[in-house]
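First the structure, in the form of structure tokens, and then the observations on it.
The values are calculated or read from the model by the stated rules, or taken from the named source; none is laboratory data. Keep in mind the model is a prediction, meaning the values are calculated, not measured. Virtual Cβ from ideal backbone geometry, glycine too; neighbours counted across all protein chains shown. The area values use the complete protein model at the heavy-atom level, side chains included, leaving out ligands, DNA and RNA. Shrake-Rupley method; radii C 1.70, N 1.55, O 1.52, S 1.80 Å.
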Amino acid sequence: MFELIGIPPQALFGQLLLGLINGAFYAVLSLGLALIFGLLNIINFTHGAQYMMGAFVAWLMLRYAGIGYWPSLIVAPVVVAVVGIVIERLLLRRLYHLDHLYGLLLTFGLALIIEGTFRQIYGISGQPYAIPKELSGGYDLGFMFLPTYRAWVVLASLAACLGTWLLIEKTRLGAYLRAGTENATLVRAFGVNVPVMVTLTYGFGVALAAFAGVLAAPIYSVNPLMGSNLIIVVFAVVVIGGMGSILGSVITGYALGLIEGLTKVFYPEASSTVIFIIMAIVLLIKPAGLFGRAT
Amino acid sequence: MRLASGVLGAVFLLSAGPAAAQGISNDVVKLGVLNDQSGVYADLAGQGSVVAAQMAVEDFGGTVLGKTIQVVSADHQNKPDVGSSVANQWIDTEQVDAIVDVPTSSVALAIQEITRRKNVAHLNSTAATTDLTGKACSPTAVHYTYDTYALANGTGRALVQQGGDTWFFITADYAFGHNLEQNTAEAVKKAGGKVVGAVRAPFPNNDFSSFLLQAQASQAKVIGLANAGGDTINSIKQAREFGITQAGQRLAGLLVFLSDIHSLGLETTQGLTLTTGFYWDKDDETREWSKRWAERMNGRMPTMVQAGVYSVVMHYLNAIKAAGTDDAKTVVAKMKEMPINDFFAKNARIRQDGRMVHDMYLVQVKGPQESKGAWDYYNILRTIPGDEAFMPMEAGNCPLVQEAATKNGQPAGGAR
């Protein structure tokens with residue numbers, strides 16, 4: 001009963017697991033995007049470039065300072081977040097009262113500049129980044145060989161998503177954030193420093209992107225365009241989940257990873273388009289996305 | 001050969017009219033290096049090819065028949081429309097006499113038509129498609145360093161002979177990937193091997209783990225990677241991560257350059273078997289040239305196509321000197337008459353269809369312990385003689401060859 005179109009169940013489990021791993025990247029990246037959109041109303045097209053910067057900072061630290069993977073996991077997101085905060089303070093801040101389109105154009109332009117600069121300096125073929133010793137090797141699950149590092153990626157991304165969700169739903173700071181999203185003027189009237197909160201939120205969203213970049217460094221090639229391939233898919237994930245919906249983006253991220261994984265078995269040619277087909281269908285039926293609220 | 005060039009010469013004299021005058025047009029010989037300077041092929045050709053062309057011009061002396069030689073360059077971004085408009089502008093307003101390098105098959109085929117129509121030389125080093133010397137062959141074009149057939153044939157046959165007789169392909173889902181898969185599958189079958197399956201991966205693609213597991217499930221002895229650039233890098237990296245190479249399946253890189261190995265590191269690529277047209281550390285001559293190139297390229301070592309650019313530019317300039325003109329048809333015909341003997345190729349020649357025939361090398365990537373340092377990457381397993389490495393001229397269906405054959409009443413393969 002379980003054998004679908006000639007695919008034995010064991011192969012299917014393997015593919016589902018792989019889908020989950022890819023979903024982990026989608027989830028962390030779309031979470032950061034959703035967060036930024038929710039509070040800043042900015043469609044952050046620099047996200048892919050910031051993911052790439054995370055991977056590059058990790059590689060640079062290893063190459064020039066001998067700092068390994070574990071410290072990078074913390075330091076690289078902080079470094080990239082600081083760059084993000086500078087961008088927010090100097091540029092994004094001026095656009096909040098304008099149409100979405102302006103923010104989109106600015107961040108898109110920034111992404112091109114950042115990627116172009118890295119390409120100029122480091123070339124295009126990518127830099128090698130080894131899997132840390134503690135996480136090399138893998139487990140033989142019977143139906144497939146699961147590299148330890150991939151298992152770690154799923155755990156780390158789940159932890160990051162859960163942590164972020166708790167922060168926003170269960171803490172006082174999170175309550176301010178949610179209130180700021182609803183009505184910034186009112187929250188300000190209560191004495192909350194909304195501009196600082198906005199800056200920090202942007203920094204946090206960017207840090208999540210950089211965190212995903214460090215996670216990706218050992219398995220994908222660390223190259224200046226690594227983010228531009230991914231960002232379009234991640235945008236589709238955010239749109240399907242509902243712009244600005246935090247839980248929605250996380251769940252959709254994992255779910256679409258799974259669907260994409262299955263497509264790679266049944267009809268590999270379509271695996272790069274399946275997410276966009278789903279996006280089109282969702283937009284037709286529920287224009288605000290699966291978890292979004294119509295405004 | 002002589003008969004063929006005689007025919008070409010006659011056609012040229014009849015059609016070209018006043019422009020057929022001897023000497024150098026516009027008092028300058030201008031070479032336009034047109035390649036990818038910012039995208040996936042920027043490291044394997046890119047600026048390195050421009051430097052190689054400049055070195056050839058300097059080594060030649062900077063002038064030919066008393067006229068200055070200039071090198072210009074541009075980025076075609078791997079887009080046929082961008083490449084075509086640059087080429088047209090170069091030819092129409094900037095007196096460019098030869099377009100050099102041109103990676104990416106689709107762009108190269110567009111340039112092939114423009115240069116044929118406008119009688120400008122097309123000295124191609126980096127494009128992969130066999131069509132350049134097949135149905136799209138041109139009297140003004142030379143395909144110099146390699147093509148899909150040479151790589152597929154060398155690697156495919158060698159691995160079958162070493163016992164890798166069952167194959168599974170992971171193929172980039174566009175014309176180039178299909179072409180490469182087909183060429184290799186033919187070589188594998190001819191050598192007595194069997195193709196047990198293939199999967200078409202979208203292009204470009206980041207995550208190959210799913211396709212690799214399918215390859216693993218097929219239990220083929222060899223997994224053929226019919227892709228290029230970033231796709232190849234990711235497939236190799238992930239094959240190692242998922243324990244596929246360690247479990248005994250072999251990877252065959254069908255289009256892998258030295259720059260890819262450098263980027264992946266030896267830990268990941270050790271044992272990979274591939275075919276190349278040039279390796280910098282082969283002998284004293286190759287080392288001498290490569291080190292001169294490296295001095296200008298921050299210590300990098302050249303890929304086969306970058307070395308090929310130098311060699312083809314040098315050969316082109318020598319042919320201008322010998323022919324006494326920079327008229328493309330005449331010079332390219334001269335290039336086909338003159339043998340090539342330099343650090344890049346020994347006793348090599350350019351066939352009537354424009355294919356440069358030289359020895360290729362089957363190499364295996366060294367392990368990290370074996371390598372003595374940066375860029376010490378290959379062991380040469382075997383030298384594949386040119387005639388065996390490249391597709392026989394009759395099989396390419398080049399119209400030039402067929403025309404010449406009918407006119408001379410000779411079978412197509414008769415003229416060298």
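Scanning the range A:55-74 for residues that are open to solvent by less than 60 Å² (accessible area, probe 1.4 Å) and either among the polar types (S, T, N, Q) or in a helix (DSSP H, G or I) (or both) turns up A:Ala55, A:Phe56, A:Val57, A:Ala58, A:Trp59, A:Leu60, A:Met61, A:Tyr69, A:Ser72, A:Leu73. Of the strands (runs of 3 or more DSSP E) entirely within the range B:177-254, those holding at least 1 residues that are of a type outside the set (Val, Ile, Thr) and within 12 Å of chain A (Cβ to nearest Cβ) occupy B:194-201. Restricting attention to the range A:149-181 and to residues that are among the hydroxyl-bearing types (Ser, Thr, Tyr) and touching a residue at least 40 places away in the same chain (Cβ under 8 Å), the residue that is farthest from B:Leu258 (Cα to Cα) turns out to be A:Thr181.
With respect to A:Phe235, is the statement that it is more than 14 Å from every other protein chain (Cβ to nearest Cβ) and of a type outside the set (Ser, Thr, Tyr) true? Answer is yes for this residue.
For A:Gly38, indicate whether it is in a helix (DSSP H, G or I), surrounded by 23 or more Cβ atoms within 10 Å (Cβ to Cβ) and not aromatic (Phe, Trp, Tyr). Here the answer is no, as A:Gly38 does not meet what is asked.
If you take the residues of the range B:32-47 that are at the interface with another protein chain (Cβ under 10 Å from one of its Cβ atoms) and open to solvent by less than 10 Å² (accessible area, probe 1.4 Å), which of them is nearest to the chain's Cα centre (by Cα)? Within the range B:32-47, the match that is nearest to the chain's Cα centre (by Cα) is B:Leu44.
In summary, A:Ser249 fulfils each of the numbered conditions (1) crowded, with 24+ Cβ neighbours inside 10 Å; (2) more than 25 Å from A:Val78 (Cα to Cα) with the single exception of condition (2).
Looking only at residues of the range A:130-156 that are more than 23 Å from the chain's Cα centre (by Cα) and open to solvent by 80 Å² or more (accessible area, probe 1.4 Å), we find that the one that is modelled with the lowest pLDDT is A:Asp140. Would you pick out the residues in the range B:244-256 that are open to solvent by less than 10 Å² (accessible area, probe 1.4 Å) and over 21 Å from B:Phe176 (Cβ atoms)? Hit for the range B:244-256 is B:Ile244, nothing else. Each residue in the range B:257-299 was checked for being part of a loop (DSSP other than H, G, I, E, B), out of contact with any helix residue (DSSP H, G or I) (no Cβ under 6 Å at 6 or more places or on another chain) and surrounded by 21 or more Cβ atoms within 10 Å (Cβ to Cβ), and 3 pass. The set of residues in the range A:103-136 that are among the hydroxyl-bearing types (Ser, Thr, Tyr) and either within 14 Å of chain B (Cβ to nearest Cβ) or more than 12 Å from A:Phe45 (Cβ to Cβ) (or both) comprises A:Thr117, A:Tyr122, A:Ser125, A:Tyr129, A:Ser136. For the residues B:Ala158, B:Ala215, the requirement of being closer than 23 Å to B:Thr130 by Cα and small (Gly, Ala, Ser) singles out B:Ala158. For the range B:167-176, indicate whether the set of residues that are aliphatic (A, V, I, L, M), out of contact with any Gly (no Cβ under 8 Å at 6 or more places or on another chain), in a strand (DSSP E or B) and surrounded by fewer than 21 Cβ atoms within 10 Å (Cβ to Cβ) is non-empty. Scanning the range B:167-176 turns up no residue that is aliphatic (A, V, I, L, M), out of contact with any Gly (no Cβ under 8 Å at 6 or more places or on another chain), in a strand (DSSP E or B) and surrounded by fewer than 21 Cβ atoms within 10 Å (Cβ to Cβ).
Taking the listed residues A:Ala216, A:Ala209, A:Ala159, A:Ala189, the one that is within 14 Å of the chain's Cα centre (by Cα), modelled with pLDDT of 90 or more and surrounded by fewer than 19 Cβ atoms within 10 Å (Cβ to Cβ) is A:Ala159, with no other qualifying. Looking at the range A:149-173, which of the residues that are over 19 Å from A:Leu208 (Cβ atoms) and basic (Lys, Arg) is nearest to the other protein chains (Cβ to nearest Cβ)? That would be A:Arg150.
Among the numbered conditions (1) open to solvent by less than 60 Å² (accessible area, probe 1.4 Å); (2) in contact with a helix residue (DSSP H, G or I) (Cβ under 7 Å, 6 or more places away or on another chain); (3) closer than 22 Å to A:Leu35 by Cα, the only one that A:Met243 does not meet is (1).
Counting only residues that are at positive phi and in contact with a Gly (Cβ under 7 Å, 6 or more places away or on another chain), the range B:370-399 holds 1 of them. A:Glu88 meets each of the listed conditions (1) closer than 30 Å to A:Ile275 by Cα; (2) surrounded by 14 or more Cβ atoms within 10 Å (Cβ to Cβ) apart from (1).
Being touching a residue at least 24 places away in the same chain (Cβ under 8 Å), closer than 24 Å to A:Val222 by Cα and within 13 Å of chain B (Cβ to nearest Cβ) holds for only one residue in A:Leu146, A:Leu73, and it is A:Leu146. Scanning the range B:147-166 for residues that are open to solvent by less than 20 Å² (accessible area, probe 1.4 Å), farther than 15 Å from B:Thr276 by Cβ and small (Gly, Ala, Ser) yields a total of 1. In the condition set (1) over 18 Å from the mean Cα position of the chain (by Cα); (2) surrounded by fewer than 24 Cβ atoms within 10 Å (Cβ to Cβ); (3) not in a strand (DSSP E or B), B:Lys135 is compliant with all but (1).
Yes/no per residue for (1) in contact with a strand residue (DSSP E or B) (Cβ under 9 Å, 6 or more places away or on another chain); (2) within 30 Å of B:Ser138 (Cβ to Cβ); (3) assigned by TED's automatic domain parsing to the domain that holds B:Val71; (4) at pLDDT 95 or above:
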residue	(1), (2), (3), (4)
B:Leu266	yes, no, no, no
B:Ser311	yes, yes, yes, yes
B:Pro339	yes, yes, yes, yes
B:Phe344	no, yes, yes, yes
